[in-house]
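Any read-out appearing in this document is the output of simple, stated calculations on the displayed coordinates, not a laboratory observation. As the structure is a prediction and not an experimental result, all values here were calculated from the model. A quick note on method: Cβ atoms are made from the backbone with ideal geometry, for glycine too, and the neighbour counts reach across all protein chains shown.
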Amino acid sequence: MVDKVEAGAVEQLRVVQDSATGLTGAIAIHSTALGPAAGGCRFWTYSSYEDLVRDAVRLAKGMSYKNALANLPFGGGKAVLQRPTGAFDRDALFRAFGDAVAGLNGAYITAEDVGTTVADMKAIKDRTAFVAGLDHGRSTAGGDPSPWTALGVFESMKAAARLGLGVELSELSVAVQGLGNVGARLCRMLAEAGAGLVVADVDADRAASLAGELGAKAVDAAEIVAAEADVFAPCALGGILNSRSIPTLHARLICGGANNQLETEADGEGLRERGILYAPDYVVNAGGIINVSAEYLGETSEQVAARVHEIAPRLAAILKDAQASGRPSNVVADELARSMIAAATRKAA
Ligand code: NAI
């Protein structure tokens, strides 16, 4: 299994195993050049350990790039744990995971991700200080990261609309896929800014209720990708932009909160060929990790806001570079992240 991970793909790959609690997983540390590897802990069902490791490695790399471009003093890592099939003691499992994190002596800092909660982080905290995602009170940053994620996406969309389409949000319609923590907040900001809204969620009641509140048009979840709107904002799942969906898009701009929106790197080129401007996901959705890292560093909400407001200008610079060089924006963003990591590696050597 581990021999299938490309050599040099990550700095460290640790198997995490504790038979007493049913803990099985992996911690991948992609890079510590810019600081300790920060990235959440995913608790999910995988069909094989090989798939789990592959996901950990891919996600850890994504965190390196996201943290670098957000100018955070962190490298990238990720933990992925297999959800046990039968009954299990959740606190005991996450305490055992905390022991594994402690064993890395600060090279990896964990937090919430898909499938994990604040309560899980508290269990981890019993065993190690290298954990974030716990609400420490009002004066310092912490708590739900999604309002910051939504704000970064909103400001990015405003900047990309001006730069790429030459218009304000009030002149555009936006199709939002997924109306959860990030998507619903984004919709409220867009409605406030005067944008037209088309919304969808697999939970049709949720879509109908938000549409009623904001005067938006709700459509079936299957129709949202190809909805007739100027902007498409994926705020649900990854892999939504692929060789099947790209030919059906009406939108001229893609900007949303979901992670890993491109199924493959080549899909960025597919968007470019169709003249669709793509705001790279990890550039625009960094508000959440900015908030989590500020909590870990003991920074204030003002410092979080200042970092989040830097997201849109950074996106604009990437889009300008992509336009000037005729390259896909995801490739430009990846190159920039890699060069920042490489520069820090050289400095440390
Ligand atoms: P959430 O779980 O609160 O909301 C997701 C929503 O999408 C749910 O309402 C769900 O019913 C809906 N959904 C799922 N599949 C769908 C489909 N095929 N079509 C339409 N709707 C669908 O999640 P959250 O926190 O809003 O995150 C959304 C995305 O943003 C995820 O990809 C997440 O990884 C990413 N993200 C979230 C951050 C945060 O701060 N919460 C930070 C960075 C990225």
For this session: Only residues of the stretch 34-57 count here: report those whose backbone N is under 19 Å from the spot 7 Å along Cα→Cβ of residue 348, or say none.
Result: 34-40, 57
Problem set entry | Approximate spin-label separation residue 48-residue 317, in nm, with each point projected 7 Å along Cα-to-Cβ | 4.2 nm
For this session: Could you run the Debye sum over the Cα atoms of the stretch 128-245, one equal point scatterer each and no solvent, and tell me log10 of I(q)/I(0) at q = 0.11, 0.12, 0.19 Å⁻¹, two decimals?
Result: -0.41, -0.48, -0.99
For this session: Report Rg(Cα)/(2.2 N^0.38 Å) for the stretch 252-342, keeping two decimals.
Result: 1.16
Exercise. Hey, what angle do you get for helix 329-348 against the long axis of the chain, alpha-carbon based, 0 to 90 degrees rounded to 10?
Worked result: 40 degrees
For this session: Kindly provide the pair-distance distribution of the stretch 257-308 built from C-alpha pairs, with 5 Å bins from 0 and whole-percent values in order of increasing distance.
Result: 5, 19, 21, 15, 12, 10, 10, 6, 2
Exercise. Once amide H atoms are placed 1.01 Å from N in the peptide plane, what residues at a sequence separation of 5 or more from residue 23, or on another chain, have their amide H within under 5 Å of its amide H?
Worked result: 18
For this session: May I ask for the angle, rounded to the nearest 10°, between helix 146-160 and the longest principal axis of the chain, with both axes built from Cα atoms and the value confined to 0 to 90°?
Result: 40 degrees
Problem set entry | In sequence order, calculated HN-Hα J values of the stretch 286-291 (Karplus, 6.51, -1.76, 1.60; Hz; x Gly/Pro) | 6, x, x, 5, 4, 5
Seminar exercise, completed: The extension gain from residue 243 to residue 167, computed as 0.36 nm times the residue separation minus the Cα-Cα distance, is 24.5 nm
Exercise. What's log10 of I(q)/I(0) for the stretch 291-337 at q = 0.17 Å⁻¹, Debye sum over Cα points only, no solvent?
Worked result: -0.60
Problem set entry | Size descriptor, Kirkwood hydrodynamic radius, that averages inverse alpha-carbon separations across the chain, Å | 20.6 Å
For this session: In a Gaussian network model over the chain where Cα atoms closer than 10 Å are linked, find which of 156, 170, 329 has the largest mean-square fluctuation.
Result: 170
Problem set entry | Total charge dipole magnitude, the stretch 246-328, about the Cα centre, Cβ charges on Lys, Arg, Asp, Glu only, Debye to nearest 20 | 340 debye
Problem set entry | 5 Å binning of all Cα-Cα separations within the stretch 3-98, expressed as whole percents from 0 upward | 3, 15, 24, 21, 17, 12, 6, 2, 0
Exercise. Roughly speaking, what % of Cα-Cα pairs in the stretch 222-266 are separated by over 15 Å, rounded to a whole number?
Worked result: 35 percent
For this session: Any chance you could list the semi-axes, whole Å, largest first, of the equivalent ellipsoid that the Cα gyration tensor gives for the stretch 181-291, using √(5λ)?
Result: 22, 16, 13
For this session: Using only alpha carbon pairs under 8 Å that are at least six residues apart, calculate the relative contact order of the stretch 12-150 and give it in whole percent.
Result: 26 percent
Exercise. For the chain, with the dipole built from +1 on Lys and Arg beta-carbon atoms and -1 on Asp and Glu ones, taken about the Cα centre, which of 94, 182, 204 lies farthest toward the positive end?
Worked result: 94
Exercise. Given just the C-alpha atoms of the stretch 36-175, how large is their convex hull per residue in cubic angstrom?
Worked result: 160 Å³
For this session: Calculate the spin-label point distance for residue 144 paired with residue 88, positioning each point 7 Å from the Cα along the beta-carbon direction, and give it in nanometres.
Result: 2.8 nm
Exercise. In whole Hz, what ³J(HN,Hα) sequence does the stretch 293-306 give by Karplus (6.51, -1.76, 1.60; θ = phi - 60°), x for Gly and Pro?
Worked result: 5, 5, 4, 5, 7, x, 7, 8, 5, 5, 5, 4, 4, 4
For this session: List every residue whose amide H lies under 5 Å from the amide H of residue 83, counting only residues 5 or more places away in sequence or on a different chain, with H placed 1.01 Å from N in the peptide plane.
Result: 44, 45, 46
Problem set entry | Cβ charges +1 (Lys, Arg) and -1 (Asp, Glu), total dipole of the chain, debye | 720 debye
Problem set entry | the stretch 19-67: radius of gyration and largest Cα-Cα distance (Dmax), Å | 11.9, 36
Exercise. Once you list every other residue whose beta carbon is under 10 Å from the beta carbon of residue 245, what net charge do they have if Lys and Arg are +1 and Asp and Glu are -1?
Worked result: -1
Exercise. Under a straight-distance cross-link criterion of Cα-Cα below 23 Å, which lysines are reachable from residue 66, leaving out those fewer than 8 residues away in the same chain?
Worked result: 78, 158, 320, 347
For this session: Express as a percent, rounded to the nearest 5, the fraction of DSSP beta bridges in the chain (both residues included) that run antiparallel.
Result: 35 percent
Exercise. Considering the chain as a Gaussian network with a 10 Å cut-off on Cα pairs, which listed residue, 51, 144, 89, attains the greatest mean-square fluctuation?
Worked result: 89
